[in-house]
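> Have a look at this one.
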Amino acid sequence: MVNNLLLGICLVIFSTIVGAVGAVMFKLASKRLEKGFFVFLRNIRLYLGIVFYGISALIFVYALRFGDLSALYPVAALSYVWISLLSIKYLHEKMNTYKWLGISFIIVGVIFIGFGA
């Protein structure tokens, strides 16, 4: 039973990473929106974002087979961590002390949920 939950947690973590990549693709696609709606519809990053989000959702649904929703769903909060890290790397966004503190709280919270499962 513990191995199943661990597999579920790993799948949810992977799902959040894939979803975070999708969100970054959406942000990159949004830069083309100002050039016009039809130009935006021809943007490959928009479609990559949709694909990554879709794959993320499928992985998440599959992961739910391996544990209780109440144990697995809080792990999805890690998506905020991945988004922040990817935003620094690929979007050149800046982080301040409050954002780092918030990310730290998310990580600690996910660890507490994991031990409580």
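The values are calculated or read from the model by the stated rules, or taken from the named source; none is laboratory data. All of these numbers come straight from a predicted model, not from anything done at the bench. Glycine gets a Cβ as well: all are built from the backbone with ideal geometry, and neighbour counts include every protein chain shown. Heads up: the accessible areas ignore ligands, DNA and RNA and are worked out on the full protein's heavy atoms, side chains in. Shrake-Rupley method; radii C 1.70, N 1.55, O 1.52, S 1.80 Å.
> Do you know which of the residues in the stretch 31-45 that are at pLDDT 80 or above and out of contact with any Phe, Trp or Tyr (no Cβ under 8 Å at 6 or more places or on another chain) is nearest to Y80 (Cα to Cα)?
Looking only at the stretch 31-45, we keep the residues that are at pLDDT 80 or above, and these are 31, 42-45.
Add one more test, that the residue is out of contact with any Phe, Trp or Tyr (no Cβ under 8 Å at 6 or more places or on another chain), and what stays is 31, 42-44.
Working: K31: 21, R42: 28, N43: 25, I44: 24 Å.
Checked the stretch 31-45; the qualifying residue nearest to Y80 (Cα to Cα) is K31.
> List every residue pair whose Cβ atoms sit under 7 Å apart, with the two residues 6 or more apart in sequence or on different chains, where the first one lies in the stretch 51-64 and is among the hydrophobic types (A, V, I, L, M, F, W, C) and the second, anywhere, is open to solvent by 50 Å² or more (accessible area, probe 1.4 Å) and part of a helix (DSSP H, G or I).
I59/F14
> Looking at the stretch 12-33, is at least one residue within 18 Å of I111 (Cα to Cα) and either among the polar types (S, T, N, Q) or in contact with a Gly (Cβ under 8 Å, 6 or more places away or on another chain) (or both)?
Of all residues in the stretch 12-33, those within 18 Å of I111 (Cα to Cα) come to 12-17.
Now narrow it down to the ones that are either among the polar types (S, T, N, Q) or in contact with a Gly (Cβ under 8 Å, 6 or more places away or on another chain) (or both): 15-16.
Yes, the conditions are met somewhere in the stretch 12-33.
> So, L64, is that one at pLDDT below 95, in contact with a Phe, Trp or Tyr (Cβ under 9 Å, 6 or more places away or on another chain) and not aromatic (F, W, Y) or not? Write out each step before concluding.
Numbers: at pLDDT below 95: no; in contact with a Phe, Trp or Tyr (Cβ under 9 Å, 6 or more places away or on another chain): yes; not aromatic (F, W, Y): yes.
No: the conditions fail for L64.
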